[in-house]
């Protein structure tokens, strides 16, 4: 429930259209639900991720903002591609690759910055590695870390933009 509330709260300071803000909050709630499933079952539900991707891309399209659409598509490819490389080395599962694509599309469209997608993946990798280290586990569910990366990237890029660090 806290992740869902955080997902909604994170869109409040975004400088984007109401459509993109609403779909970003929805994607955050869907990602939180997927992360919960991953912690319990060690799998990410395809239908939930497909719906989240549809919401993220649909929001960008409905906003009629060419930059948001471009960033959503490029963020999807960038974040999904980064995790696809990890998948090829047996580092993550395909569900994680799909969730990363959703994370990349959502963060890049919401912030209107392509930089948000790799920041989300880096934050997710850091969170998962830290959790694994602290709990002495070699295998952890990556879905919660991807949600954390999504949330962190939104907060960080929004703060950087509002402080003038990204022009």
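Here, each number is a calculation from the coordinates, and none is a lab measurement. Owing to the predicted nature of the structure, the values given are computational and were not obtained by experimental measurement. Neighbour counts run over all protein chains shown; Cβ positions are idealised from the backbone, glycine included.
Rounded to the nearest 0.05, the FRET efficiency derived from the C-beta distance between residue 163 and residue 40 at R0 = 35 Å is 0.35. Taking the C-alpha atoms only, the angle from helix 46-62 to the longest principal axis of the chain is near 20 degrees.
Against the chain, whose longest principal axis is taken from its Cα atoms, helix 66-88 shows a tilt of about 10°. Taking the longest Cα principal axis of the chain as reference, the axis of helix 18-41 is set at about 0 degrees.
Each peptide in 42-53, 119-130, 80-91, 149-160 receives the mean, over its residues, of other Cβ atoms within 10 Å, and ordering these scores from highest gives 149-160, 119-130, 42-53, 80-91. With helices as the sole contributors, the chain gives -26500 deg cm²/dmol at 222 nm; each DSSP H run of n ≥ 4 counts as -39500 (n - 2.57), and the sum is divided by every residue. With one equal scatterer per alpha carbon and no solvent term, the Debye-computed log10 I(q)/I(0) for the chain at 0.17, 0.18 1/Å reads -0.91, -1.02. For region 1-80 versus region 107-123, the inter-centroid distance based on Cα atoms is 12 Å. Relative contact order of region 2-162, taken over Cα pairs closer than 8 Å and 6 or more residues apart, is 25 percent.
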